[in-house]
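The block underneath contains the structure these notes are about, expressed in structure tokens.
The values are calculated or read from the model by the stated rules, or taken from the named source; none is laboratory data. This one's a predicted model, so the numbers in the text were calculated from it and none came from an experiment. All Cβ positions, even for glycine, are placed from backbone atoms using ideal geometry, and neighbour counts span all protein chains on display.
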Amino acid sequence: MIRGWVFSGERLHKAHAHDRHWRQLKALRAVASVEFIKGLAVLLAGFGVLSLVHRDAWDVAESFLEWLHVSPEAHYAQVFLNLVDQITDSKLWFVAVGALAYSCLRFVEAYGLWMERAWAEWLALVSGMIYLPFEIYEIARRPDLIRIAIFLINVAVVVYMAYLRWDARVRGVAGSYQAAD
């Protein structure tokens, strides 16, 4: 009995396949939304970097430190200001182009996941796995709840994408969401 109806044989299988597809679609679209937000955040940061082109980076950095109420004489403020002193317009453009490329990758991944494409699952699996060693290193170096939460979410996405690809292979379908008829 499913939702008040009694099904037999093939009807029950189709109802189960539909419910399964709906759950997978919701999970995929949640991951797609996160990827889209990541892409949007990096794109906005890239525009922020571009806004610094042809500006005096030292003045911007000092204003930033003042806004944070950090004394420019503090050790870390000096390290920050020394780094800022090495910034050139070409380096800013390089960072902005890198941000654009990363954003495009995230947007393509989000689109593919939203549209239930197998290649997007592979992309999410591989790109998620690439981050794991860095996240483990950061947790080992300085553990806190945010780093652990990010790591656990990333592991969940990687495991789920691996499950979807394994499930599609076991069921023998090209995409993991084609309901068995």
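Can you find a residue in the stretch 40-49 that is within 20 Å of residue 81 (Cα to Cα), free of Cβ contacts under 8 Å to residues at least 40 places away in the same chain and more than 22 Å from the chain's Cα centre (by Cα)? Looking for residues that are within 20 Å of residue 81 (Cα to Cα), free of Cβ contacts under 8 Å to residues at least 40 places away in the same chain and more than 22 Å from the chain's Cα centre (by Cα), one finds none in the stretch 40-49, hence no.
Please determine, by comparing only the residues of the stretch 83-113 that are closer than 29 Å to residue 24 by Cβ and hydrophobic (A, V, I, L, M, F, W, C), which one is surrounded by the fewest Cβ atoms within 10 Å (Cβ to Cβ). Across the stretch 83-113, the extreme among qualifying residues is 104. When residue 120 is tested against (1) surrounded by fewer than 16 Cβ atoms within 10 Å (Cβ to Cβ); (2) at pLDDT 95 or above; (3) of a type in the set (A, V, I, L, M, F, W, C), just one condition goes unmet, and that condition is (1).
Taking the stretch 66-78, which residues are surrounded by 12 or more Cβ atoms within 10 Å (Cβ to Cβ) and part of a helix (DSSP H, G or I)? 77, 78, listed by residue number.
Suppose the filter is in a helix (DSSP H, G or I), free of Cβ contacts under 8 Å to residues at least 40 places away in the same chain, of a type in the set (Ser, Thr, Tyr) and surrounded by 16 or more Cβ atoms within 10 Å (Cβ to Cβ); does residue 63 pass it? No; evaluated as a whole, the condition is false for this residue. Out of the stretch 30-60, which residues are surrounded by 14 or more Cβ atoms within 10 Å (Cβ to Cβ) and not hydrophobic (A, V, I, L, M, F, W, C)? If the condition is that a residue be surrounded by 14 or more Cβ atoms within 10 Å (Cβ to Cβ) and not hydrophobic (A, V, I, L, M, F, W, C), then 35, 38, 39, 46 are the ones that fit. Scanning the stretch 79-89 for residues that are under 14 Å from residue 55 (Cβ atoms) and part of a helix (DSSP H, G or I) yields 84, 85, 89. On the stretch given as the stretch 23-60, residues that are assigned to a loop (DSSP other than H, G, I, E, B) and of a type in the set (Val, Ile, Thr) total 1. Only one of the numbered conditions (1) more than 18 Å from the chain's Cα centre (by Cα); (2) touching a residue at least 24 places away in the same chain (Cβ under 8 Å) is not met by residue 73, and that is (2). Comparison of 52, 68, 28, 81 shows that the only residue that is hydrophobic (A, V, I, L, M, F, W, C), in contact with a Leu (Cβ under 6 Å, 6 or more places away or on another chain) and farther than 30 Å from residue 115 by Cα is 52.
For the stretch 150-178, the candidate set comprises residues that are surrounded by 13 or more Cβ atoms within 10 Å (Cβ to Cβ) and not in a helix (DSSP H, G or I); within that set, the residue that is modelled with the highest pLDDT is 173.
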